[in-house]
Amino acid sequence: MKETDVTSRDTSKRAGRVRNRRGEGGRLREDIVDAAAALLDETGDERTITLRSVARKVGIAAPSIYPHFPDQPAIMLAVVRQEFAALETHLRAVLDGAGDDPRDRLYALCRAYLSYAQEHPARYRTMFGGLWMPTLGDSSLTEEELTTLGAAAMQLLAEALADCVASGQSAAADPELDAVTLWVCLHGLAHQHAATRIFPWPEASIADAIITRVAKLN
């Protein structure tokens, strides 16, 4: 009796979704990614994102996912790519309004990065590994797909620091290396703010201290 009720309920949910017209398969793919992202926001735990939970959220049968994603890590990769694209859009928007001074632009970029991490904690944590990141060979994902995540956002940081060097506002000898070092420090700060509930943070801005010292600003 219980199994019959479950089957009836699942069938009812699937029936509630309007079937895509021919040529609209891409919309279902977007729905799947949006559903996975919504589950992440609701639970804060990527372990709750399974083929079944996503299918239930969309209102489809789990096998309907396979033409679009071969496994759960592929769905998570799509979610993470979407979030990195959102981060890049956010950073570019901040740069567009930051003026022409390279130093000001670098500060604005780094602060915007930290604010994004604070405003989207579950998604941010998942973007940088998390429990979803599979061992290579255990899923459909490739090394290139994983190692290129966030490359565009990192390039913005490297370019901003290089502009500071070119203008004489930074003494960084290797802007590309120092940009990675700066990101590691910002990422660590973002993590600590999220993970540490009680800590006597100094009144002075730690973010500004990190940016000034690691970027070797004059």
Can residue 151 be described as surrounded by fewer than 18 Cβ atoms within 10 Å (Cβ to Cβ) and in contact (Cβ under 8 Å) with a residue 24 or more places away in the chain?
no
The correct count of residues that are β-branched (Val, Ile, Thr) and either modelled with pLDDT of 95 or more or exposed (fewer than 15 other Cβ atoms within 10 Å of the Cβ) (or both) in the stretch 35-49 is 2
For the stretch 87-120, which positions are touching a residue at least 60 places away in the same chain (Cβ under 8 Å) and touching a His at 6+ places or on another chain (Cβ under 9 Å)?
87, 113, 114, 117, 118
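Here's the yes/no breakdown for (1) within 16 Å of residue 132 (Cα to Cα); (2) not basic (Lys, Arg):
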residue	(1), (2)
58	no, yes
71	yes, yes
78	yes, yes
81	yes, no
85	no, yes
88	no, yes
95	no, yes
115	no, yes
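Would you say residue 135 is in the same structural domain as residue 110 (by TED's automatic domain parsing), not hydrophobic (A, V, I, L, M, F, W, C) and not in a loop (DSSP other than H, G, I, E, B)? Break it down into steps so the answer makes sense when it comes.
On the way: in the same structural domain as residue 110 (by TED's automatic domain parsing): yes; not hydrophobic (A, V, I, L, M, F, W, C): yes; not in a loop (DSSP other than H, G, I, E, B): no.
No: the conditions fail for residue 135.
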Quick one: would you say residue 52 is in a helix (DSSP H, G or I), in contact (Cβ under 8 Å) with a residue 24 or more places away in the chain and at negative phi?
no
Search result, residues across the stretch 167-188 that are under 17 Å from residue 207 (Cβ atoms) and of a type in the set (Asp, Glu):
178
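The values are calculated or read from the model by the stated rules, or taken from the named source; none is laboratory data. All values reported here derive from a predicted model rather than from experimental measurement. Don't worry about glycine lacking a Cβ; one is built from the backbone with ideal geometry, like all the others, and counts go over all protein chains shown.
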